Structure formats: structure tokens, C-alpha cells
Amino acid sequence: MTDHKSFHVAKKQLDNGLTILAKKNSLIPRVEIQLWYNVGSKHEESGEKGLAHLIEHMMFKGTAHLSESDINLITHKLAGKANAFTTQDYTSFTFTLPRNVWHEALPILAECMQHATFNEQMLASEVKAVIEELRLYRDDYQNSIFEKMIASIFPEHPYHYPIIGSKHDLCNLDRDALMRFYKKHYHPNNATLVIVGDIDIDDAFSTTEKYFGQIPPAKNYTQPAFLFEDDIEAKTVTLYRQTNNPWCCYMYKIPGILAGKNHLFNTASLILASGKSSRLYKKLVEEEELAIDVDSFVFDFFERGLFGIAVYPKDREAISKIELLIEQELELLQTKTIEDWEFLAVKKRVNIDYATLLEDNEKQAEVIGSSFLATADELFIEKYLRNIETLTKEEIQSFFREYLSPSVQHKGYLLAMTDNDKKKLELLQKETDQLERKILAKHIRTQPLEPGKWAEKIQTPALTHFTSPKPENFTLDTGLNVIFYNNPAVPQVFGILSFKANFFYDDYQYSGIFNFLLRLLTDQTGRYSPEELNKILETQGLYINPSTDHITFKCLSEDLGKTLEMLHEMLTNPKFDKKTIEKLRMHSLSDLDDFWDTPLEFVDQIAKDLIYQAHPYSKNSLGTREGIKNITPKILQEYYQKFISPHDATLVLTGDLKGYDVTTLVPEIFKNWQGPQVHDLILPPIQTSKKAEMISHQITRDQIVLAFTAPSIARTDHDYLSAALLDIILTGGSHGGSSSRLFALRELDGLFYAIGGSLIHNAREAEGMILIKTIVSVDKAEQAQNLILKTIENLGNFGITNEEFLMAKNLLFLSSADLFDSNIQMAYTFLFLKKFKLSFDLFDKQGELLSILKIDRLQEIAKRLCAQQISTIKVGSVGSVAP
């Protein structure tokens, strides 16, 4: 039984109408602060389309007392993050901050609620950035289908309109329009503040009242009522694009979250098409082999929702048969009660999902905020869990019967276009680009980026001692290293089994074989067929999944023994069945097609090929089409016997282990897993061209992926920590800081929606590489390229300021706690330390290590890394094809 008391949410309402919801969660010293406004794109009237989303962008771009740079500078200074998002129903502004400084978010959010200015200069650059965001969504073909289907399904309701608006609307919105909408909707009696993390509840309430209590409410504010004109009808949307994999989507209207039936919809989703034991996965993927994958989802809008099924068909010709089988399976669910094991499996999986939610402040805050705005019930999650426990099979059957009939099935298709279609699309894009340039010509920014004002009065927290979790470890006689840490806060265990070998060991002739082998091991065993294995795992709530070069698993703490036994079965009793191998070959080839359909992903591979050439680091974990086609059962057996060995493998366990003696449990289960010594991988010197290359890769897209690459340093290099600080200053680092030098280009010119990357990407035993990438319009690519290269060059030529140096050290130190914010993150951190032979108390010493770094040394590293020749890669409609 789930402990509902573990999700207690405290509530207080101020006199001005602001609701405060607070939940204590002391797993890590972090706090999530989210201010939710009950206004989204559905509240926009004619001529206002895209306003809510644009205000989301502009709210953090300056107020009467905040400069446009302040929030970025403040969060960077405090080792935090700031974000915002808009949906059809609501808008949320978020901060993630360390426990000792979380209060700093409150006066900022209160300031934004009262004194946003929507300065025309900031608006000029931000509108351009939002246009780039719109293009980004256009190049996300599945998202485009969702958007077009929603517009078709809700023709009479404001859900019809895209959240981001249209280019025409965006280019014609001005400051006055934003200010009218802002003053109408953004006030305390239309807002809810959610605070989750390591807090004192009473303190959270009193401090919030201090900053928000005097803000006047809006008088006579009411929410509009919206009309739905439902009908017995079915709509179809087809999108033709350059793609190697067709995709299909089927949607049905259901009640919105206001109806309080989400437990029913989510349960039905798990039974129908979520997971390998689901009805449609077994039928379409395992039995009929018509599809590569299938999934189910719920769009839980407030007033009406959508229940969806997504399918990757094997080919276009399979679609009609797939649709017939979906109809037949739904008819069975409508007429026959589901089986007992399906019912038990669903409840088990809900408990695991709930346990995962308990260790994530951000997700908890999002669930609390969205559900409260929809229902005004802070006990929504507790009631959801109770409803799951009392749910009956008859209720599920009734759901399928009432909402999922063929006459109300809406269809969406992504299909490959012809060569002639490509030419037409490129012409259409050019026409759109020309029109956009004319419209945007009036949005010209003439002033430089505003320096910080509010940030000047924020004190940088002192570097305090950080005591990181310390695992225990031992090694079995078979050579298996075991690392474990008891974290009893959440009733769940996460694990990783990492082998000494990985995809770097792949022969080029069989490129992708290691990843393929891990898929095979976890798909079936000599004892269990794929269907039997999936049924056992999901009935008992055991998640065991292959990754690129390791296996992960997750379970409730009470089921750890069962999980390890199933993992042992997979490792020691493989089955090299030809039928299964052919199925996995089809899946692997489909994954490769997906990879090479996604420019933002495959540009990394182009960079690796350029920097590493024939070095093992150039290999793609997914392999190549030729390599996958060459794999045979015999070759897989040889690789299994050679590389799936406990010698120098590492098993990491993190979570609630208090009921187990791990030093007895693991040896008892894995004592029979034997294997040979795995040879060390000899890494040759990296041979990289010293001159800057220019590579163009042609693919029909609305935007160009622009990437910059050069050699970097190894993770074992004694200057690695200095390079990590430079990375924070230039790119924002892994923390994603928005006050980096590259992000400042986005703020000033609006050339791109986002930019990221690293100066130390892929750094391991051998050198990593510089890899920076963004997405821009075709006509802005040259300007963006020049500005980014100049920014990198300036870092090398002129170095960093003392203020940047101190801020980067502070951020790197304070963000160390994030490496232990969940069982998953903790496990990967321990594995990282083990692989690089680093001490488990490394992060306890982080402050000491940072304190001895000198800015002069960083200047030398900056010159070495950034003054070298930087190669440029362009992917998109660039007019020429890469060699």
C-alpha cells in the first residue's frame, strides 16, 4: 500500500488571494520555487495569439528594478537555475536554488508580478529568439503533427491555436499589447506559489507573505468560460517531410484534468500501449512484427484531454494492418475484462513512478502546481493514489468503451516526401523567410545589453564544506566490483551494471554490436521468451534496460532480490535466437534512421569523425547500417563470451538498502557468473588536422544546426578543473548557466533560441573536444557563425575577468550537491569516480582544490584551447553535401 501521508502539501492563502503550497523534502540542500499563473494561450483573444508565451520570455527581461541581465546573473551567482514555461492553460516561472539562499527568489518573483516593463529594446531581440523557437518546433515533426491534430480536434475552442502563436502575430505584437494582457492576468489572486525542498514550512509561509502580502489583488477578476461543441467525428492530418521512418499517431477526446479521472486515463495508457507487456506492444511489435515501437500518452489539458497512441510502423505499407489490429484490440478491451496480472502490474508500476517522484523536487512542484490550478485541491495527488488503489477492472473497461471508439479516432501521419516535394518545401521556406525578414525589420535593437543592477546587492554565498555521500564497496572473487549506498529516504533502488568493455571495443566490421548485444541479453533468455520476460518484469514492477554500454535497473526496495536474480538470468543464460536477432536488427536500423533524421544529434557524430578520425572515440554507440547488417548469431555469441564478463565490471546500487546485507546478497546471486579477463583497450594517439575545416551536410530543414569543434583535454589532465571553469564562463557548462558569454549573444541579438555545448565534451582517458552548437535560420547562419567564433577567439586572446573566475568557482562548488540529488544521479556519480580511479571523497575536497587555482593558469588554458583553429559544421538546407 502506498503511504499517502508522505505527500502532504501544506497550504496558506494570503489576503490578496495568492495561494502558497509548500512541501518539505530534505533529500538534498536544494529548493524548487515555482510561481504559477492561471493564464495560458487559451486566454488570448483575437490579435493576441502568442502573447502568454511572449510574456513568459519577457517577464525575466527587466522590470522597474531588475535589468535584463539580472536574473541570469543572480542565478549564476547563487548556483541556481531559472526557467519558465507556457501551456494552453497556465504559465509557470521557476527557480532552483541552494537551501541557504532560496529566499532570494521571492522578492524577484514579487517584483516581476508588479513591475514588468516590456522594454521595446528587449522585445526587439526576444521576438527574434521566439521566431527561432517557432522554427525549432516546426523542425520537430512529431510535435508539428501534435499541434496540427490539436488544432483540427478543437476547431471551436482556444486550444485550437498553437501556444507560441504565428509568425505574423508575433511580429505585430507590441509593448502596449503585452502590458494590457499582463495587467489583466498577472496578479496575486490569479497565482499560486509552490515551494518544494529543504525548507521550514512556517518560514516559507511567513517569508512569502513578507514579499507578496502587500501586492494588491485585481478587482472583479474572473476566468472566462469556454465552449466545446463535441461531435461524432474523426479528423486526419498528414505531414510530408524528409524522413526515413514513418510515424503514426491516434488521438481520442477525453475529459480534462478538471474531471478528476486522470488515474483512470493513466492506467488505461499503461495497459494499452506503455511498456513491453502492454497489449499493443505485444501484438504489433512482438507477434505481428509490424511496428518498431508503440507507446501511449495522455495530454491532460484542464477542460478536455486527449488520449493518444503513437506507433513507429516497420514501413508505410504496414499502417493499414496496424490500424485494423488497434481497432480489434480496443474492441477486446471494451468487451472483455482485463486479466488479473495486467491489473496488478499497473498498480505496481504506479507505485514505482510515485517513488521516483518523491526524490525529484522539480517534478513534485510541477505536479502540485498544475493539479492545483486545475482543481483547486492541494490533496489531488493523495486522492490520485487512493483512486488507483480502489480502481476496478470494470472502470477501466468502461473507459475504453466510452471514449475509444473508431468513430472518434483522429489520425496523424508523418510520411516521407518525394524529391519533388523537397524542392517545393524549400521554395516555400524561402518565401516564408523573405516575408519574415520584412516583418522583423521593424524589430531592430540599437542598445547594448543592460548590465546587472539587482545582482550587485546579492551576496555571493561563502564556499562552505560539502560532505558528499560515501558508498561502501567490495570485489567478488570473480572480479565484479560492487559499490552500494543506503539512501532510505525513498523506498526504491536504482542500479547500474557497467562492463569493462563498451562500444569502443566494437570491430568496425560489426559497428554497433555491443549495444546490440545488450539489447539481446535484456530482451529474452534461454528460460524466458520476450513475451514471458516482459510479463514477469512488468508484473513485478522490475525495470531492467540496456543503455549504450551498460545495463540499468530500478525497482521498489522490497523487490531488489528479484531484480538481481532476473539480471543474473539475463547475463548467464542468453539465447541467440535468429527470429529475435532479426527483430532487434530492424529496431537498431530504425534507431539509426531516427538518429540521422535528427540534425542536433548527428552533428555530434560529424564532429567526432572530424576530431577523432580512426580513433575508437569516433565510434557511434548505435553503429552503422553496414555494421548492424553484418551481425550474425555466431558473432554475437563470440562477443558475449569475450566481453560480458564480471572481471573489472562494476555493479552500483543506490537507494533503500536497509533491509539487505549487500555483502551477502550480491555474492550469493552472482557467484555463478563467470567470464574471462577483458583486455585493456589500447588508445592510439589522436591525429587531428591542425587547420580549420568547413563541413556542410545537406538535409531539408527550416533551420541550420551550426556547430564548432576542436581538440580539447583529457579528463585525467591536471588542468581539467581549470578547463571546467572556463567551460562555465563560455558555455554555461553542464549546469546550463544562462549568464555565459555565448548566451549573451542570444540575449542581445535574438539570433537563436538556445546555444550550448562544452569545452570538455567527451573528455575521458584521452582528449575530449570542444563542441558548441546552436540552431539558426538559414539567413542568420553566417552572422551567428562570425559572432560565435569571435566570442571563442576573444576568450583565448583576452582571457577572463576576476568576477567571472570567482563566479564560476562558486557555481562549480555549490552545484556539486546536484550530483547526489537522486538515486540515479548518485549511482552515476559513484560509477564515474570508480572508472576514473578518483576518490569517493573527491567532492568533499572540491572547495580546497578550487581555492588553489589561480586565474593566471586559466588564462593560459583559455589561450591554448580557444586560440587554436576551430572547425565549423553546418547541417540543414546548406546547398552542399558532406563528404
Response to the item:
Output for Cβ contacts, cut-off 6 Å, separation at least six or different chains, first residue open to solvent by less than 20 Å² (accessible area, probe 1.4 Å) in the stretch 538-550, second part of a loop (DSSP other than H, G, I, E, B), reads ASP549/ASN502
Response to the item:
Going through the stretch 380-418 in order, the residues found to be aliphatic (A, V, I, L, M), closer than 26 Å to GLU147 by Cβ and either assigned to a helix (DSSP H, G or I) or touching a Cys at 6+ places or on another chain (Cβ under 6 Å) (or both) are VAL408
Worksheet item: Scanning the stretch 715-739 for residues that are outside any helix (DSSP H, G or I), in contact (Cβ under 8 Å) with a residue 60 or more places away in the chain and of a type in the set (Gly, Ala, Ser), which turns out most open to solvent (accessible area, probe 1.4 Å)?
Response: GLY736
Worksheet item: more than 21 Å from the chain's Cα centre (by Cα), charged (D, E, K, R), under 22 Å from ILE388 (Cα atoms) and buried (at least 18 other Cβ atoms within 10 Å of the Cβ), is that true of GLU329?
Response: no
Worksheet item: Taking into account only those residues within the stretch 110-138 that are open to solvent by 30 Å² or more (accessible area, probe 1.4 Å) and assigned to a loop (DSSP other than H, G, I, E, B), which is nearest to ASP433 (Cα to Cα)?
Response: ASN119
Worksheet item: On the given criteria, is ASN220 on the phi > 0 side of the Ramachandran plot and either surrounded by fewer than 16 Cβ atoms within 10 Å (Cβ to Cβ) or modelled with pLDDT of 95 or more (or both)?
Response: yes
Worksheet item: Within the stretch 790-801, is even one residue modelled with pLDDT under 90 and buried (at least 18 other Cβ atoms within 10 Å of the Cβ)?
Response: no
Worksheet, complete the sentence: Residue set GLU68, GLU48, GLU32, GLU44; condition under 22 Å from GLU804 (Cβ atoms) and touching a helix residue (DSSP H, G or I) at 6+ places or on another chain (Cβ under 9 Å); output residue GLU68
Discussion item. Only one of GLU402, GLU456, GLU431, GLU426 is in contact (Cβ under 8 Å) with a residue 12 or more places away in the chain and of a type in the set (D, E, K, R). Can you tell me which?
Written reply: GLU426
Practice prompt. Could you give me the residue pairs with C-beta distances under 8 Å whose first residue belongs to the stretch 268-280 and is within 14 Å of ILE326 (Cβ to Cβ), whose second residue is basic (Lys, Arg) and modelled with pLDDT of 95 or more wherever it lies, and which are 6+ apart or on separate chains?
Written response: ILE271/ARG279; LEU272/ARG279; ALA273/ARG279
Worksheet item: Only one of (1) buried (at least 20 other Cβ atoms within 10 Å of the Cβ); (2) touching a residue at least 40 places away in the same chain (Cβ under 8 Å); (3) among the acidic types (Asp, Glu) is not met by ASP749, so which one is it?
Response: (1)
Practice prompt. Could you tell me which of the residues SER296, SER277 is of a type in the set (S, T, N, Q), in contact with a helix residue (DSSP H, G or I) (Cβ under 9 Å, 6 or more places away or on another chain), surrounded by 19 or more Cβ atoms within 10 Å (Cβ to Cβ) and in a strand (DSSP E or B)?
Written response: SER296
Discussion item. Just to be sure before I move on: is LEU178 at pLDDT 95 or above, surrounded by 18 or more Cβ atoms within 10 Å (Cβ to Cβ) and in a helix (DSSP H, G or I) in the structure I sent?
Written reply: yes
Worksheet item: What number of residues within the stretch 805-846 are more than 22 Å from the chain's Cα centre (by Cα), small (Gly, Ala, Ser) and open to solvent by 20 Å² or more (accessible area, probe 1.4 Å)?
Response: 1
Fill in: Residues of the stretch 599-630 satisfying the condition of being in a loop (DSSP other than H, G, I, E, B) and either under 16 Å from ILE770 (Cβ atoms) or not hydroxyl-bearing (Ser, Thr, Tyr) (or both)
GLN613, ALA614, HIS615, LYS619, ASN620, LEU622, GLY623
Worksheet, complete the sentence: Within the stretch 301-312, residues being under 9 Å from ILE254 (Cα atoms) and open to solvent by 40 Å² or more (accessible area, probe 1.4 Å) number 1
Worksheet item: Is it the case that some residue within the stretch 53-63 is among the small types (Gly, Ala, Ser) and closer than 23 Å to ASP174 by Cβ?
Response: yes
Practice prompt. Give the residues of the stretch 58-83 that are open to solvent by 20 Å² or more (accessible area, probe 1.4 Å) and either within 23 Å of the chain's Cα centre (by Cα) or of a type outside the set (Gly, Ala, Ser) (or both), sorted by residue number.
Written response: PHE60, LYS61, HIS65, ASN72, LEU73, LYS77, LYS81, ALA82, ASN83
Response to the item:
Restricting the stretch 389-426 to residues that are surrounded by 16 or more Cβ atoms within 10 Å (Cβ to Cβ) and among the small types (Gly, Ala, Ser), the one modelled with the highest pLDDT turns out to be GLY412
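For (1) open to solvent by 60 Å² or more (accessible area, probe 1.4 Å); (2) polar (S, T, N, Q), each residue gets a yes or a no:
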residue: ASP433; (1), (2): no, no
residue: ARG445; (1), (2): no, no
residue: PRO448; (1), (2): yes, no
residue: ILE458; (1), (2): no, no
residue: ASN473; (1), (2): yes, yes
residue: LEU476; (1), (2): no, no
residue: ILE483; (1), (2): no, no
Worksheet, complete the sentence: Taking the stretch 10-49 and keeping residues within 22 Å of THR96 (Cα to Cα), modelled with pLDDT under 95, part of a loop (DSSP other than H, G, I, E, B) and open to solvent by less than 30 Å² (accessible area, probe 1.4 Å) leaves ASN25, ILE28
Discussion item. So in the stretch 551-577, with the set limited to residues that are of a type in the set (A, V, I, L, M), in a helix (DSSP H, G or I) and more than 19 Å from PHE514 (Cα to Cα), which one is most open to solvent (accessible area, probe 1.4 Å)?
Written reply: MET566
Discussion item. List pairs: first residue in the stretch 668-684 and under 30 Å from GLY768 (Cβ atoms) and modelled with pLDDT of 95 or more, second residue of a type in the set (Lys, Arg) and loosely packed, with under 12 Cβ neighbours inside 10 Å anywhere in the structure, Cβ distance under 9 angstrom, at least six positions apart or on different chains.
Written reply: none
Practice prompt. With the checklist (1) under 20 Å from GLU331 (Cβ atoms); (2) open to solvent by 20 Å² or more (accessible area, probe 1.4 Å); (3) touching a Phe, Trp or Tyr at 6+ places or on another chain (Cβ under 8 Å) in hand, flag the one item THR236 doesn't pass.
Written response: (1)
Worksheet item: Do the conditions hold for SER152, that is, is it modelled with pLDDT of 95 or more, touching a Lys or Arg at 6+ places or on another chain (Cβ under 7 Å), open to solvent by 10 Å² or more (accessible area, probe 1.4 Å) and of a type outside the set (A, V, I, L, M)?
Response: yes
Discussion item. List the residue pairs whose Cβ atoms are under 7 Å apart, where the first residue sits in the stretch 319-341 and is charged (D, E, K, R), the second is open to solvent by less than 70 Å² (accessible area, probe 1.4 Å), and the two are 6 or more positions apart or on different chains.
Written reply: LYS321/LEU290; GLU329/ARG279; GLU329/LEU280; GLU329/LYS283
Fill in: Positions within the stretch 651-701 being open to solvent by less than 20 Å² (accessible area, probe 1.4 Å), more than 30 Å from CYS555 (Cα to Cα) and not aliphatic (A, V, I, L, M), in sequence order
THR700, ARG701
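The values are calculated or read from the model by the stated rules, or taken from the named source; none is laboratory data. Quantities reported herein were computed from a predicted structural model and do not represent experimental measurements. Ideal geometry is used to build each Cβ from the backbone, glycine not excepted, and the neighbour counts take in all protein chains shown. Please note that ligands, DNA and RNA were not included when accessible areas were found on the heavy atoms of the full protein model with its side chains. Shrake-Rupley method; radii C 1.70, N 1.55, O 1.52, S 1.80 Å.
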